[in-house]
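Novice: Got a structure for you, written out below as structure tokens; questions coming shortly.
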Amino acid sequence: MVPQQKMHCARISTGLPQNERLHMRHATPKPTSQILVYEPGISDRAALDMDTFEEMFLTVARQIITTFDEPDTQCWMSAFMEAEARFPPPFGATIAHAIVVIVNVLREERSSAFSYIRHDDPADVLFITPEERYLLLTLREVRQNNGFRARMNAMLACEGGDAARLLAAIERLGIITGDVGSPEFQP
């Protein structure tokens, strides 16, 4: 069993209006926050062409990540309520729980900060971080039964950590939603 550790997150927000400067904050004690003129890898969210489920997944995942990043926000409550509103009972809570498991696997397998955009930041509808992109592409490829691409994106999301655990967690979500018929990945 992997020892529990704090979630390393880098929250990216557009704190300055009408420009592209980004503010990065780390969840665990790091050097003071810094303003970056350009954050490489931040991309247009629309270019990923997400389906409705992927959109919901990203929204709930960002809320769960925020919970690990800032426990006092209790964003996990919003995540579960969002999932319950979008899916009929008991699937909403079950899907939200599966996303918690996925985020927890990332928390354990990554060696550095997971960059994300807070769900309540105005930029959340416009942009996506590279880490979020790898996670979403892993989800997409698992749902489309493309094992090779799923493994590649999971490896990138985990930074070379145990991608099998992430794949298995995402596959369990796919089984819940009916996107995955028979399990391919084992933790």
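Novice: So who's got an amide H within less than 5 Å of the one on F127, skipping anything under 5 residues away but keeping other chains? H placed 1.01 Å off N, in plane.
Specialist: Long-range HN contacts for F127: R45.
Novice: Which whole number in µm²/s is D for segment 42-187 by Stokes-Einstein, with the Kirkwood Rh taken over Cα pairs at 37 °C and 0.692 mPa s?
Specialist: 218
Novice: Here's something else I'd like to know. If amide hydrogens are placed 1.01 Å from N in the peptide plane, which non-local residues have theirs closer than 5 Å to the one on F114?
Specialist: Under 5 Å from the amide H of F114: H8, C9, A10.
Novice: Just check segment 94-144 against the gyration tensor rule for me: Cα atoms, a ≥ b ≥ c as the square roots of the eigenvalues, rounded for a/c under 1.5, and otherwise prolate or oblate depending on whether a/b exceeds b/c.
Specialist: rounded
FYI, it's all coordinate maths here, none of it is from the lab. Treat the numbers as computed from the prediction; the structure is a model and nothing was measured.
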